[in-house]
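Here the structure comes first, spelled out in C-alpha cells, and everything after it is commentary.
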Amino acid sequence: MPPRGPGLAAVALTGLLAFGAAAADTAAPALALQERQCLRDGWQREVLGVAGLSRVLLWKAPPGPWRRGAIVIMHGGGGRHTNWCVANVPIVAAQVDFVARALTAGFAVILPDSTDAVTDDEGRLCGKAWDDELRARPNLDLPFLEAIADDLLPRLRPPGSAAALFLTGLSSGGYMTVRAATHLGARVTAFAPVSSGDPFGWRRECIAGLTPRLAVHGVGLDKVTGMRISTPGACAGDPARSAHERWPLPAAAPRPAFRVFYHLDDGVHDASCAAQLDRRLRGNGFPGEPAFVVPGDGRRSFADHLWLNVYTEPVLRFFASRLTP
C-alpha cells in the first residue's frame, strides 16, 4: 500500500509539478527542462505536424529489434509526457520505474504529450488534458495517435521487430487510452487503462476555479447520474443498464483485448467509474481479462489515484501475453 497522500488538495500540487503546459500551435515547441533531462538519458524527441498543430513526443527503445513491440503511454491530466522519463518529484517515480522495466523487458516506449487546447462543449479551455470524451467537434488527439501508429512506428521500428502496439495511460490518459483503442481498432494489440473510466459516458465542465487544480480546469461528470466522478458511487447508476450502454462504434470494428486497473480507495476518480468502464468494454464486445483491483481500507485518497508500483508487472505481463508467438 502506498503512503497516504495529503488528500485531494494535493491535486493542486500535481498541477504545479506537471511542469507547465505545452504549446499548441504550428511552431515547434521549445525544449522544456525535463525534456532535456530525458534526452540526456537517451530519449529521442519527435515533433509531428498533425491537424495544424505541432505535436511532441519522446521515444526510447531497447537495442536491436523491438521484440515485444511498442507501448504508447498517455500521461494524466495536468501532467506531461516527461512524467514518465524523469522523476524530479516522488509522485511520478512509479511511472518512471514502469518505463524502465518495460524497456528492459524488450518493449519500445512512446511518450506523446497532450495539448492545452482542449475545450468543453461550451468552448471553455480545459487546461492540460487529453481530448478524452466524445464531442461533436473533431477530436484533437486521435489524429496524433493515428500518426504515431501509421507513420511514426513503421518508420522507427528496426527490421525484425514485433509490430505489436500496446496502449496504457493514467487518469485522463486512461480515458484517452480507451478512446484511442476503440478508434484504432486492429492497429492496437491490447490496452490497459489505469484509474480511469468510460470516455463515451462522461463529460467535462471546464469552469476554472471549481477545484484547487491549476493545470486542469473544472470537473468531470458521469452522464447517467450527473455526479462528479470523484464522488463515491458516482458511476454506480444501474449496473444492468451500464453493461449494455452501446458505444458509437461500427459493429464490425475490431475489438482489441483490455485489462482495467484501479484502486478501490481512489479519491480522485471513484472506483465505481472504473468498474463501469470494465462492464461497458465487455458489453461492447471487447475481450478482457479480469480487472486488476487494489483493495482498500475505506480511506479514499489522492495517492491511490496515481500509477502504483503494484500495477507495473501485471500490465507488462498482460501485454506480453498478447504477443503472437
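The values are calculated or read from the model by the stated rules, or taken from the named source; none is laboratory data. Bear in mind the structure is a predicted one, so any value in this text is a computation, not a measurement. Positions of Cβ are backbone-derived with ideal geometry, glycine not excepted, and every protein chain shown enters the neighbour counts. Surface accessibility is based on the protein's heavy atoms, side chains included, excluding ligands, DNA and RNA. Shrake-Rupley method; radii C 1.70, N 1.55, O 1.52, S 1.80 Å.
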Of those in the range 205-236 that are more than 25 Å from A291 (Cα to Cα) and among the charged types (D, E, K, R), the residue modelled with the highest pLDDT is E205
In the set V188, V219, the lone residue that is touching a residue at least 40 places away in the same chain (Cβ under 8 Å), open to solvent by less than 60 Å² (accessible area, probe 1.4 Å) and not aromatic (F, W, Y) is V188
How about the range 295-312: which of its residues are within 18 Å of S272 (Cα to Cα) and either acidic (D, E) or without any contact (Cβ under 8 Å) to a residue 40 or more places away in the chain (or both)?
-> P295, G296, D297, G298, D304
For the range 158-181, how many residues meet the condition of being touching a Pro at 6+ places or on another chain (Cβ under 8 Å), open to solvent by 10 Å² or more (accessible area, probe 1.4 Å) and touching a residue at least 60 places away in the same chain (Cβ under 8 Å)?
-> 5
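Yes/no per residue for (1) within 21 Å of L306 (Cα to Cα); (2) modelled with pLDDT of 95 or more; (3) surrounded by fewer than 16 Cβ atoms within 10 Å (Cβ to Cβ):
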residue	(1), (2), (3)
G15	yes, no, no
W59	no, yes, no
A70	no, yes, no
R80	yes, yes, no
D97	yes, yes, yes
D113	yes, yes, no
Specify the residue that is nearest to G197 (Cα to Cα); the eligible residues are those in the range 270-325 that are surrounded by 15 or more Cβ atoms within 10 Å (Cβ to Cβ) and polar (S, T, N, Q).
-> Q276
